[in-house]
Structures are given as structure tokens and as C-alpha cells.
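Trainee: Input: one structure, supplied below.
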Amino acid sequence: MYKIFKTVLAIPFIIACSSQSNKFNEEDGLSVFNVDSLKKHISVLASDDFMGRKPFTEGETKTVAYLQEQFKQMGLEPGNGDSYIQEVPMANILATAAPNMQVKSAKGNFNLKAFDDYIIWTDKTDSSISLDNAELVFAGYGVVAPEYNWNDYAGLDVKGKVVMVMVNDPGFWVGDTTLFKGKAMTYYGRWTYKFEEAARQGAKGCLIIHNTAAASYPFSVQQNSFNTTRLKLDNRGKNIPNCDVIGWVPEKISHQLFAAAGFDSSLLVKANQPGFKAVPLGLQLSTTMNVKASFNKSSNVVAKITGTKRPDEVIIYTAHWDHLGIGRPDKSGDSIYNGALDNASGTAGLLEMARVFKNMKVKPERTIVFLAVTAEEQGLLGSAYYAENPIYSVKKTVANINMDGLNRFGKTKDMVVVGQGQSELEDYLKEAIEKTGGYLSFDTHTEAGYYYRSDHFNFAKVGIPALFANNGVDVVGKGKEYGETLENEYTSKNYHQASDNYDAATWTGDGAINDLKLLFTIGRRMGFETSFPKWKEGSEFKLIREKSNK
């Protein structure tokens, strides 16, 4: 999931063109929201009994059963024909790395220690994976971006080799905002892209150099998943390239490797210069991984309320139900990664949203869909599968509203849109929040690329306008500094840690309910409109939508 820090930006409000029916009361549904109902769902989903909700575990079985039962009790219809389930075929891969990686250099040989000095895994399902004196090449940011006139692989043959690349976009590590989108990360900066591009180039391996600011989280986040099972979509029979070995090295280890090759860390600076050429390091890497793979099907859970007049036009609310399961114990001995905020809270919000829509006095004219997706933490897999295999026409899907982490503290004056300037949905939200006396703000850590880091991204990739909005930091009665402190504390101490637990004493719920009401308001509005919200000029997704509508 995301984790962001926020600030306020004033923007002119552009009224989205619409032809809204006036058949519903502005207050319809708002009084139905209930803090106790929301908190009950969070407490259940984030309990130890659900074992961290990792797909392919008993935690998934319990979670999926709970979600189906709740939708049934509310009286919602199955969202996939006569079923509440969309099966998601996936591979479950356990790659156990050898304890060391051998490095050969002209200056002498040495070992790197797994977990401390590097983290590796594989997306391949072979029984064993090995690097045997594979040549290491430093390929800058590992980016091929014609629209930015940037190609780190220009003239480079990396077949059978390991590329070492930097996370984030060119320019970020040196603060050069003239490159790419400046401070704001593009998809080229995401670690997922780095692995994808290295595989397309034919590399045998790809190691990303970790930097806390550039990645937006500490190296410990990667260490938590070391030698644990990972999931990917089951792509057997499809011609999708993968590197044999993928992973991360801390920045200090990249310095050690540069030194062994006769260079220094200035390469990390030079890589930010247009025209930078990749550097073969003259180092050879050797290590192994034992791989156990199994194939199974996880579940997206989907329910709907059929529209009264235009049932083929749909608005989709999403939240990912999964988290990290049981993993490495923390200092207190806790090994269950309950994921209370991430994302038991959003999943609970999805259930509460469904209950409120079901209890509206005047039913929406468009169909409202509630989609709880699997395996977000494994790479947005459930939403990716849905986008590739949509239950509802992409062309007739009006919008996606995604919930990934709700406000666990008090009400805030603001609400944050991630991905400023992407679609008219932010204008809908701006109008809704200003009617309540609040204001819209935007994430300030655009370098972290949060718009590409939760499930709405897969809807955007196929052209569906997608809104990702989170709680603000301007806490009523306590101010922005207080809210920012809480956000920083969560990111540094609880994000993807076993300590992300539900605390009934401090999770007030009123802030979450306030935000849910806003997301409900804009979904309700679209439910009675005949127009479709649009992508804004400058959005990379605008052309995709226009092509799909032809």
C-alpha cells in the first residue's frame, strides 16, 4: 500500500460536466454510516485469528468466507454471475536463498551475506536457480523511456548478465527536477518496472540499489519478506519474460561493489546525466536458490447493487483484503502481520460502504460494484487480473474509487488526493469536501510514486478514471503538525510491520467515517449521472480511455 505525507495546494475548481438527476436527497444514506459497524469489521479482519490474511493460507479462507457472508447478510447480489468470487490463478513460489553470494573481482574475491547485504527471490518456477559467475553491469536507472529521450540500455547486451540499477527516476538521487516529471515519480521509477525492463532486455538478474528516500521505505521492509513465499499471476503458457534472479542491495553494498571494480560511488551521480552509458563492472556473481512452486487460485470477492435505469454502467469501489500473513518475529516476538490499517481498514470501509448504498431510500440508476481484491501486497495481482479479465465492460465502467488505509484517528479538515491532476474525480471530491467546510489537499511525496502503488493503478492502466484518496493531516482541534507526526510514526514504526495492529482505544473511527461519507457522496452522485468523468489533459491515461471508447 501507499504511505504518504501531505500538504495543501490551492487549485482552481473545474466543474465536471454532468447531467445529474435530482431524484435523490443530498442526505440520503449519510445517516446510515456507523462507527461501531466499521470498527467491528476492522477488529475481526485484523485479529490474530485471521493470521495476517495472506493468500493461499487459512487466513485467506477465513477472510473470503467473512466477506461473502457479510455481503449476503446485507442482501447484495453476487457480482460475478451467480457467484461472489472471481478466481485468480496464481503461482505460490518459495525461493530459499543460499546464505552467501560470491563476488569475483580483479582485486580479490569476497562474499556478501544474504539478508544483511542483499535480498533476492525469483518469479520463475524452476526447482533451482543459480548465478554462476554472472557478469555484473551497472545500468544506471535501468530505464528505457523514448518520450523522455532516455535509454540506459542503449548499445548494451545484458543477456546472461546481472544488471544493478537505481530505484526511482533519473534525476532523483541528485535533486535534478529538470528530468522526467521532476520530483514526481513516473512508473519508470517503480521497482516493478525495473524488473520488467531488465527481463525484456534479456538479463539473467536484476538488483535494485536501495535508498530509503528514493524507495520511500527502509531496507527492513524488504528484509521482512526474505525467504518467504511470494505470489505471482499464473502465466504458464504465456510469453512473459522474467529474470532468473531479482532483488535489492543496500546502497552501502553498491559502494562496496563499485570499489571492488575500481570505481566509486560517483557512478550514482553520473547515472543522472543524459546520455549516461552503462558500466560493465568486471565482477562475477555466484549464488543459488532452491525453489518450491505450487499453483492454486486465490479469490477476488465481488458484490453489486444493480442500477435501476442503466445497469450496464458501473462504478467500482475497491479495497485489497490481503496482507503479509505470518513472517519474521519482531522484537516483541509478534510474527503475525495483521495489517490493521493496511488494509483491514479499507476492506472494512468497503463493507460499510456497501451497507450504506444498500440502505439508500432511492437506489442508484447505475450499478454499484464492491470489489475486494487479493494479493495487492504481492504486486497488485488481484486488481491486475480483474483488469485483464473484467467482469464488467471497461468501456461502461464509469470510475474506480479505491480505499487503501482509512483514518484511524480523529476527523481532519482535509482529504488527500494521490495523483494530482489525473482525472475529474478530484473535482468531484473537491466539491464534496468543500460543502462540509473542509478542503482538498495533495500528497507532497510525489517522488514515492504512490499513484502507481495501489489497486486503482490497474484500472487506470486500462483507461478507467480512478481515484485514490486518503485521510488528511489537518486534525480538527490539533492541527497539521500533530497529523504529520502520526503519519511519520506509522511509516517508520508500523508500515508492513507486525505492529500494524488494531487498537480499539486509539482508533476513534470518526475520521474514517467522515472520509467514507465523502467517497460515498461522489459515488452516489455518479450513480445518478448520465455523463462519464474524464481524464484531464496531461494524464498518461487519457489516450487509453479515448481509444477504448471508439
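A short reminder: the numbers here are calculations on the coordinates, not readings from a lab. Bear in mind that the values here come from a model prediction, so they are computed numbers and not experimental data. Reconstructed Cβ throughout: ideal geometry from the backbone, glycine too, with neighbour counts over all protein chains shown.
Trainee: Specify the inter-centroid distance of the range 417-473 and the range 117-184, based on alpha-carbon positions, in whole Å.
Mentor: Using only Cα atoms to place each centre, the spacing works out to 29 Å.
Trainee: Could you compute the FRET efficiency for Q73 and D312, with r as their C-beta to C-beta distance and R0 at 25 Å, rounded to 0.05?
Mentor: Values: r = 27 Å, r/R0 = 1.08.
E between Q73 and D312, to the nearest 0.05, is 0.40.
Trainee: Still on this model: So what's the angle, to the nearest 10 degrees on a 0 to 90 scale, between helix 425-435 and the longest Cα principal axis of the chain?
Mentor: Long axis of 425-435 versus the principal axis of the chain: about 50 degrees.
Trainee: Hey, another quick one. By counting other Cβ atoms within 10 Å of each Cβ, how are H320, H41, H210 ranked from fewest to most?
Mentor: Working: H320 31, H41 22, H210 25.
Fewest-to-most ranking of H320, H41, H210: H41, H210, H320.
Trainee: Once the Cα atoms of helix 346-358 and of the chain are each reduced to a long axis, what angle between those two axes, in degrees from 0 to 90 to the nearest 10, is obtained?
Mentor: Approximately 20 degrees, to the nearest 10.
Trainee: Need one number: % antiparallel among DSSP beta bridges in the range 93-293, to the nearest 5.
Mentor: Values: 28 of 43 bridges.
Percentage antiparallel, nearest 5: 65.
Trainee: Between E388 and K292, what is the FRET efficiency for a Förster distance of 25 Å, r being their Cβ-Cβ separation, to the nearest 0.05? Numbers along the way, then the final one.
Mentor: Working: r = 26 Å, r/R0 = 1.06.
It comes out at approximately 0.40.
Trainee: May I pose another question? Using helices alone, I'd like the mean residue ellipticity at 222 nm for the chain: each DSSP H run of four-plus residues gives -39500 (n - 2.57), total over residue count, nearest 500.
Mentor: Working: 14 runs with 140 residues, N = 550.
Per the formula, -7500 deg cm²/dmol.
Trainee: Per-residue HN-Hα couplings for the range 226-232, Karplus 6.51 cos²θ - 1.76 cosθ + 1.60 at θ = phi - 60°, whole Hz, x for Gly and Pro?
Mentor: Rounded to whole hertz, the list is 5, 6, 10, 5, 10, 10, 8.
Trainee: For the chain, what proportion of DSSP beta bridges, expressed in % and rounded to the nearest 5, is antiparallel?
Mentor: Working: 57 of 92 bridges.
Of those bridges, close to 60 percent are antiparallel.
Trainee: Students often get this wrong, so check it: of K181/K395; K396/K550; K232/K358; K54/K297, which have C-alpha atoms separated by over 24 Å?
Mentor: Working: K181/K395 29 Å; K396/K550 12 Å; K232/K358 34 Å; K54/K297 13 Å.
K181/K395; K232/K358, as the Cα separations exceed 24 Å there.
Trainee: Between helix 191-200 and the chain, what is the angle of the helix's C-alpha long axis to the longest principal axis, kept within 0 to 90° and rounded to the nearest 10?
Mentor: Taking Cα atoms only, the helix is inclined about 60 degrees.
Trainee: Principal axis lengths of the range 53-196 from Cα atoms, whole Å, largest first?
Mentor: Ordered largest first, the range 53-196 gives principal extents of 68, 42, 26 Å.
Trainee: First check a/c for the range 274-409, with a ≥ b ≥ c the square roots of the eigenvalues of its C-alpha gyration tensor; if it is under 1.5, answer rounded, and if not, answer prolate when a/b is larger than b/c or oblate otherwise. List each step's numbers first, then the result.
Mentor: On the way: a/c = 2.47, a/b = 1.68, b/c = 1.47.
Prolate.
Trainee: Continuing with the same structure: N34 versus A213, label points 7 Å from Cα toward the beta carbon: distance in nm?
Mentor: Computed distance between label sites N34 and A213 equals 4.9 nm.
Trainee: Using a Förster radius of 41 Å, what is the FRET efficiency between K478 and K238 based on their Cβ-Cβ separation? Nearest 0.05, please.
Mentor: Numbers: r = 51 Å, r/R0 = 1.26.
E between K478 and K238, to the nearest 0.05, is 0.20.
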